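Comments concern the structure below.
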Amino acid sequence: MNNEYEEFLESLQVKKYKPIMTHLPSEVNYASIFYDGYLSREELQERQWAGRYWCISDSANTVGGRFVLDILLDNETVLVINYTANGDIEYNTYNKDDIKYALPNSLIGMYYN
């Protein structure tokens, strides 16, 4: 009987841990196909337990129906990766407060530690 109680307590402990972010399967697939190499294997999960905060977002500047990959590098810096009109990849870093209006809702309130 004592072992059952201990197993029950352990099962409760496991459930208290939550992923740092959750992503739709389509977002994970899209990021892995079009932005291969920018996110680690741990980050490219539907239930992301570790890594940087990221999101695929729609932007008025998208080219060819491709979305923008936003990665929160630290509490103040956002890396924005986008395709240009000629198909090249463009990288820009911004202060999080300066582009807060353009960030997806899933990244606005995210902070490390």
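Tell me, which residue of region 72-88 that is among the hydrophobic types (A, V, I, L, M, F, W, C) and free of Cβ contacts under 8 Å to residues at least 24 places away in the same chain is nearest to Ile33 (Cα to Cα)?
Val80
For region 29-58, the set of residues classified as part of a helix (DSSP H, G or I), of a type in the set (Val, Ile, Thr) and closer than 21 Å to Ile108 by Cβ is empty. Of the residues making up region 80-93, those that are at pLDDT below 95 and either assigned to a strand (DSSP E or B) or touching a Ser or Thr at 6+ places or on another chain (Cβ under 6 Å) (or both) are Val80, Ile81, Asn82, Tyr83, Ile89, Glu90, Tyr91, Asn92.
The values are calculated or read from the model by the stated rules, or taken from the named source; none is laboratory data. Every value quoted in this text rests on a predicted model; they were computed, and no experiment measured them. No Cβ is skipped: glycine too gets one built from the backbone with ideal geometry, and neighbour counts run over all protein chains shown.
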